[in-house]
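The values are calculated or read from the model by the stated rules, or taken from the named source; none is laboratory data. Source: prediction; values computed, not measured. Cβ coordinates were reconstructed from backbone atoms using ideal geometry, including for glycine residues, and neighbour counts include every protein chain displayed.
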Amino acid sequence: MKDIKDLSAAEAAAELERIAAEMSKADIAYYQKDNPYLTDSQYDELKRRNEEIEKRFPRLIRSDSPSQKIGAPVLSAFKKVPHRFPMLSLGDVFSIDEVEDFVMSVKRFLNTSENIVFMAEPKIDGLSFSARYENGIFVLGATRGDGITGEDITENLKTIKEFPQRLNGIFPDVLEVRGEVYMKKSDFFALNKKYEAEGKKNFANPRNAAAGSLRQLDPKITAERNLSIFAYTWGEVSERVWNSQADFFNHLREWGFPTNPLNNLCADIREIENNFQHLMETRAALDYDIDGVVYKVNDIALQERLGFLTRTPRWAVAHKFPAEQAVTAINNIRIQVGRTGALTPVADLEPVNVGGVIVSHATLHNEDEIKRKDIRIGDSVIIQRAGDVIPQVVRVLTDKRPADSKEFIFPDKCPVCGAHAIREEDEAVRRCTGGLSCPAQAKERIIHFVSREGFDIAGLGSSIIEDFYNEGILHNPADIFTLEERNDGSLFAHQKSSVLHLEQREGWGKKSVENLFKAINAKRTISMPRFIYALGIRQVGTATARLLAKHYGRFEKFMTEMKNKETGPLVTIDGIGPSMATDIVEFFQEEHNLNIIERLLKEVRVEEFIDDSAADSPLSGKTVVFTGTLQNLTRSEAKAAALKLGAKVAGSVSAKTDFVIIGADAGSKAAKARELGINILSEEDFLSMM
Ligand code: IVH
C-alpha cells in the first residue's frame with residue numbers, strides 16, 4: 001500500500017471511496033447481520049488510514065466517510081426511539097504516547113497545567129443501551145442505533161436479570177442511564193454448545209451473541225439467553241446530583257445497577273499506563289470480553305467545559321488493546337469452497353493459545369495474500385486474533401523457514417468437484433465454475449438457505465445437511481420441503497426402497513423427526529426479504545434483500561423483471577450498484593436456479609412485502625430539500641433519516657418540493673422556497689419528526 005505522503009489527490013479520492021465502501025459493507029456485516037468479516041484490527045486500520053488521508057486532503061472528505069458516521073444504521077422492524085441526547089462514540093488511540101497526547105490536548109483546551117484525574121474503565125465489548133426512568137420506574141429502553149435514533153428494546157431489557165426495573169434510593173425524576181449489554185464468556189460457550197447439539201449455527205463471539213439475543217423482536221428469545229449489563233454513563237437527567245464520574249458510579253450502585261469492579265481512578269499517566277498493562281495481562285481471565293480501556297475526565301465540571309467534537313466527547317478517549325498475537329507453525333494449507341464457489345485458502349496451524357483461546361486455523365483470504373506474504377507450508381508464522389472473527393497470519397518468520405520449502409501453488413481446479421476455477425479480471429477471488437454440480441457449493445447453498453437470516457430452520461445444522469447431501473436425501477433447498485412426504489411410507493407404498501425412515505437414523509427418534517418436520521412446516525410462509533436472502537444470490541445480503549423486497553413488493557414481480565435480463569431498473573434502487581445488479585440478473589438466467597425457485601414456490605408462500613416503517617410519517621411520499629449547515633446531523637445522515645421517513649430527497653427547490661429543511665446560513669434555496677410558498681422546517685422540526 002502506498003505511503004500517504006506519496007498519494008496524489010486523485011489516488012487519495014479513489015482510496016477514500018474504496019475505504020468508505022469497504023467499511024460500510026463491514027458495518028452492515030457487523031451491526032445488522034451480527035456476522036463480521038473484518039477483524040477489529042483490520043477495521044481499525046482502515047479507519048485510521050481513512051483519517052490520515054483525510055487529514056492530508058481535507059477537501060476530499062466524503063459525506064459517506066466512516067469519519068462522518070457514528071454507528072449502526074437502524075433495523076426497521078423495531079420501533080424507533082429518537083435519542084434526546086445523541087449516543088456518541090469515542091475516539092480511539094492505540095499507544096500510550098497517543099494517550100499522553102490526549103491528556104495534553106485536554107490540558108491545553110482547559111488552559112491549565114494542573115494535574116487532571118481520569119476514570120479508567122475497561123471497555124466492554126458488547127452493545128450499548130439506554131434506559132429511561134421516570135420517577136424511578138423504567139419506561140423506555142433503546143439501542144444506540146446510528147447514535148441519533150435507536151431501536152426500542154424496552155421489553156428485551158426487562159428480561160435481563162441484573163437490569164433494575166425500579167430504582168432504589170434517591171434519584172432524579174427523569175434519569176437516562178446508559179451502559180453496555182454483554183454476554184459472559186461462560187454463557188456464550190454454554191449457548192454455543194446448546195446450539196451445536198440442536199444443529200444450529202454458532203455465534204462467532206460473545207458480542208455477536210449478545211447483539212443477536214438483545215435485538216430480538218420476540219423478547220421471549222432474549223429471556224432464554226443469559227445477558228448481563230454494566231452501567232457507565234447517563235443521557236437525559238432532570239437534575240444532576242453528582243460531580244464526578246466516580247460519584248456517578250456510587251449513585252449507579254445505590255440505584256441498583258451493576259458497575260464494573262475494575263473501574264479505576266488514575267491520578268497521572270504512569271497510573272494510566274500501569275492500569276492498562278495490568279488489564280491487558282489479566283483480560284483473558286475475565287469472564288467477559290474487553291477490547292481496551294476508556295479514560296474519562298473524572299470531574300464533570302471539566303467535562304462540561306471540554307464539551308464535544310462533532311461525534312466524540314473531548315473529555316474521553318478509548319485506548320484499544322493491540323491484537324493478541326502468537327507464534328506457531330503452518331501444518332497445511334487447505335482450500336475451502338464456499339456457497340458462491342469462492343476458493344478460500346485456510347491454514348491448519350499447530351494449535352496455539354492466543355489470549356486464552358486455542359487457535360488451530362487461520363484464514364489466508366485469497367491467493368494474492370498468500371503471494372504477498374509469501375506463506376508456505378511448514379513456515380513459522382505470527383498469527384493474530386483481534387478479539388473476534390477468524391485469526392489471521394500477520395507475517396512469516398522467514399529466518400526459521402525450512403530450506404526445502406516450496407511456494408504454495410494455488411489450484412486452478414476446484415478441489416471438490418474438479419471444475420475449472422477461474423478468476424475474473426477485477427476480482428481477488430478464484431471461483432469454481434461447477435455451480436450446483438459442485439457438491440461443496442450445493443451443500444453451502446442449503447446451509448445458507450436454512451441459516452438464521454434465511455429460513456431459520458432449527459434442527460437442520462450443517463453436519464446434518466452434509467450427511468443428507470452425501471446420502472442423496474437433499475440435493476437442493478426445495479428438497480427440504482418434501483422430506484416429510486418422502487419419510488412417510490404410506491405415500492410411497494409401491495416404492496418402499498425410497499422411504500427415508502429418518503427416525504431410524506442413529507441418534508434420531510420419532511420425537512426429533514417430528515420436531516424437524518414441525519420446524520420446516522412452520523416456515524411454509526416466509527417474508528419476502530428472507531426468501532430473497534435465502535436464495536443465496538452473490539452479494540445479496542439481508543440489507544439488499546430488503547431493498548429488493550421493498551422495491552418490488554411481490555416476489556413474482558421481482559422474478560419476472562429479473563428474467564428479462566434488465567439490470568437498468570435495479571441500479572435505480574438506492575444501494576444497488578452495477579456489479580450487484582449483474583449478479584442478481586445472472587442468478588435468474590440460470591436454469592437450475594429457476595427450477596429450484598419454481599419447486600420452492602409450490603411448497604412455500606412468500607408474503608407480499610408491506611413497508612410499514614414510514615407509513616405514519618408526515619414526510620411519507622413527500623419531496624424534501626436540505627439546505628444550509630445542519631448542527632446535529634451530517635448531510636448524509638439527514639438524507640438517510642428523511643428516506644427512512646418515507647421522503648424523497650431532491651437537490652434543488654422547485655414547485656414539486658413539499659418541504660425545505662433549513663440549517664444555518666441557508667442561502668438561495670431558502671429564499672426560493674419562501675418565494676414559492678413551500679413549507680419550511682427548521683432542523684429541530686426535522687429532528688422531532690425523526
Ligand atoms: S462511554 C460519550 N464507557 O464503547 C461516551 N463506552 O466507542 C460514551 N463502551 O458506544 C461511551 N465500555 O458501546 C463508555 N466504560 C465505557 C464503555 C463504553 C464500552 C462502548 C460503548 C460505546 C463505545 C464507544
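Below, the figures for the structure above:
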quantity: Matching residues, the range 528-549, being within 29 Å of Leu502 (Cα to Cα) and assigned to a loop (DSSP other than H, G, I, E, B); calculated: Gly536
quantity: Qualifying residues in the range 592-623 (those that are out of contact with any helix residue (DSSP H, G or I) (no Cβ under 8 Å at 6 or more places or on another chain) and modelled with pLDDT under 90) - the one nearest to Gly541 (Cα to Cα); calculated: Ile610
quantity: Identity of the residue in the range 393-445, aliphatic (A, V, I, L, M), farther than 20 Å from His361 by Cα and not in a loop (DSSP other than H, G, I, E, B), that ends up modelled with the lowest pLDDT; calculated: Leu436
quantity: Matching residues, the range 147-178, being in contact with a Phe, Trp or Tyr (Cβ under 8 Å, 6 or more places away or on another chain) and on the phi > 0 side of the Ramachandran plot; calculated: Gly169
quantity: Hits in the range 77-96 (condition: surrounded by 16 or more Cβ atoms within 10 Å (Cβ to Cβ) and away from the ligand (no atom under 16 Å from the Cβ)); calculated: Phe78, Lys80
quantity: Selection within the range 120-157 - modelled with pLDDT of 95 or more, among the small types (Gly, Ala, Ser), in a strand (DSSP E or B) and closer than 18 Å to Leu175 by Cα; calculated: Ser128, Ser130, Ala131, Gly141, Ala142
quantity: Where a residue in the range 65-83 is at pLDDT 80 or above and its partner, wherever it lies, is among the aromatic types (Phe, Trp, Tyr), with Cβ under 9 Å and at least six apart; calculated: none
quantity: Ala197 vs. criteria among the hydrophobic types (A, V, I, L, M, F, W, C), more than 16 Å from the ligand (Cβ to nearest atom) and within 24 Å of Leu286 (Cα to Cα); calculated: no
quantity: Lone qualifier among Ser24, Ser41 - being part of a helix (DSSP H, G or I), closer than 30 Å to Phe203 by Cβ, modelled with pLDDT of 80 or more and polar (S, T, N, Q); calculated: Ser24
quantity: Within the range 265-315, considering residues that are in a helix (DSSP H, G or I) and among the polar types (S, T, N, Q), the one farthest from the chain's Cα centre (by Cα); calculated: Asn274
quantity: Conditions (1) within 16 Å of the ligand (Cβ to nearest atom); (2) assigned to a loop (DSSP other than H, G, I, E, B); (3) of a type in the set (Lys, Arg): number failed by Lys161; calculated: (1)
quantity: Contacts under 7 angstrom Cβ, first residue in the range 499-510 being closer than 18 Å to Ala197 by Cβ, partner surrounded by fewer than 15 Cβ atoms within 10 Å (Cβ to Cβ), 6 or more apart; calculated: Leu502/Trp508; Gly509/Glu503
quantity: All positions within the range 304-325 that are more than 10 Å from the ligand (Cβ to nearest atom) and of a type in the set (Ser, Thr, Tyr); calculated: Thr310
quantity: Candidate set from the range 107-119 (those that are in contact (Cβ under 8 Å) with a residue 40 or more places away in the chain and surrounded by fewer than 22 Cβ atoms within 10 Å (Cβ to Cβ)); member that is nearest to the ligand (Cβ to nearest atom); calculated: Met119
quantity: The range 642-690: number of residues that are touching a residue at least 60 places away in the same chain (Cβ under 8 Å) and out of contact with any strand residue (DSSP E or B) (no Cβ under 9 Å at 6 or more places or on another chain); calculated: 0
quantity: Unique residue being surrounded by fewer than 19 Cβ atoms within 10 Å (Cβ to Cβ), of a type in the set (A, V, I, L, M, F, W, C) and within 14 Å of the ligand (Cβ to nearest atom) when the list is Leu265, Leu214; calculated: Leu265
quantity: Candidate set from the range 355-371 (those that are under 16 Å from Asn331 (Cβ atoms) and assigned to a strand (DSSP E or B)); member that is nearest to the chain's Cα centre (by Cα); calculated: Thr363
quantity: Lone unmet requirement of (1) within 30 Å of the chain's Cα centre (by Cα); (2) assigned to a loop (DSSP other than H, G, I, E, B); (3) among the hydrophobic types (A, V, I, L, M, F, W, C); (4) loosely packed, with under 15 Cβ neighbours inside 10 Å for Phe257; calculated: (4)
quantity: Verdict on Asn192 being in contact with a Gly (Cβ under 9 Å, 6 or more places away or on another chain), polar (S, T, N, Q) and not in a strand (DSSP E or B); calculated: no
quantity: Filter result for the condition that a residue is within 16 Å of the ligand (Cβ to nearest atom) and of a type in the set (Val, Ile, Thr), over Val99, Val139, Val103; calculated: Val99
quantity: Boolean, Arg207 is more than 23 Å from Val139 (Cβ to Cβ), modelled with pLDDT of 90 or more, buried (at least 17 other Cβ atoms within 10 Å of the Cβ) and within 16 Å of the ligand (Cβ to nearest atom); calculated: yes
quantity: Residues being more than 11 Å from the ligand (Cβ to nearest atom) and surrounded by 20 or more Cβ atoms within 10 Å (Cβ to Cβ) - total across the range 230-253; calculated: 3
